[in-house]
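The values are calculated or read from the model by the stated rules, or taken from the named source; none is laboratory data. Note that the coordinates shown come from a computational prediction; the quantities given were computed from them, not determined experimentally. Reconstructed Cβ throughout: ideal geometry from the backbone, glycine too, with neighbour counts over all protein chains shown.
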């Protein structure tokens with residue numbers, strides 16, 4: 001064995017050990033992320049005595065579907081499912097159409113205010129969802145859109161649309177402009193180049209973005225629950241919240257006008 005082969009084998013062994021270590025770490029992280037989903041599914045099929053028992057079990061030896069029957073037999077269950085499907089589907093389809101057109105305009109054309117629009121869009125993405133509850137409630141109440149599916153759809157699009165525009169813009173920027181220009185040189189119109197060249201190449205983004213949009217739309221369900229329920233107590237809480245925010249704003253304006261004491 002030559003002297004140069006020994007260091008080469010040592011480097012190869014270290015490389016394999018490092019790769020194995022990273023693989024083990026990735027498997028551990030995957031197990032940590034998958035475990036809550038496994039426990040949720042396992043608990044769904046367990047009887048009540050196993051769920052409330054002192055000794056947890058990984059699997060149930062006597063699985064049951066009673067929890068699913070109880071959920072489906074509750075009042076308004078299927079109406080809630082129908083409303084959720086309508087809201088999510090309309091939100092995703094409408095936001096994808098609008099986001100794709102906006103992404104093409106931002107990526108392919110230069111116009112006044114384009115950079116400002118991008119900065120504002122990033123700012124909207126940085127805003128916490130809870131910080132928009134009061135302004136959204138005030139606007140929707142003014143136009144009588146509370147407790148309606150239209151109001152919920154508009155609210156969801158407020159959170160989903162900026163993310164979709166930003167994501168699709170990255171896909172459109174990754175397509176060379178020379179491809180469209182070559183198609184137009186060969187006799188294709190701008191619309192033909194858009195349909196035959198740009199649209200097929202950006203198709204992966206049009207498929208990946210709705211998946212993320214659906215998840216984001218479902219995560220803001222608490223906003224819909226807090227703003228668009230029609231019970232009298234929740235309406236009173238919304239009005240009280242708006243009044244308190246107005247009083248706080250008035251107090252801050254008073255302090256600002258008089259200066260520090």
Here is a list: 117, 77, 100. Which entry is modelled with pLDDT of 80 or more and farther than 30 Å from residue 181 by Cβ?
77
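Every residue, every condition in (1) surrounded by fewer than 20 Cβ atoms within 10 Å (Cβ to Cβ); (2) touching a helix residue (DSSP H, G or I) at 6+ places or on another chain (Cβ under 6 Å); (3) in contact (Cβ under 8 Å) with a residue 40 or more places away in the chain; (4) farther than 17 Å from residue 106 by Cβ, yes or no:
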| site | (1), (2), (3), (4) |
| --- | --- |
| 168 | no, yes, yes, no |
| 174 | yes, no, no, no |
| 192 | yes, no, no, yes |
| 203 | yes, no, no, yes |
Condition met for residue 179 (part of a helix (DSSP H, G or I), more than 23 Å from residue 90 (Cα to Cα), at pLDDT below 80 and out of contact with any helix residue (DSSP H, G or I) (no Cβ under 6 Å at 6 or more places or on another chain)):
no
Could you pull out the residue among 140, 132, 154, 120 that is on the phi < 0 side of the Ramachandran plot and exposed (fewer than 15 other Cβ atoms within 10 Å of the Cβ)?
120
Sort out for me the helices (runs of 4 or more DSSP H) sitting completely within the stretch 54-146 that have 1 or more residues that are within 27 Å of residue 165 (Cα to Cα).
77-108, 114-126, 133-142
Collect the residues in the stretch 102-117 that are without any contact (Cβ under 8 Å) to a residue 24 or more places away in the chain and in contact with a helix residue (DSSP H, G or I) (Cβ under 9 Å, 6 or more places away or on another chain), keeping them in residue-number order.
105, 111, 114, 117
Out of 68, 59, 77, which single residue is surrounded by fewer than 11 Cβ atoms within 10 Å (Cβ to Cβ), touching a helix residue (DSSP H, G or I) at 6+ places or on another chain (Cβ under 8 Å), over 26 Å from residue 203 (Cβ atoms) and without any contact (Cβ under 8 Å) to a residue 60 or more places away in the chain?
59
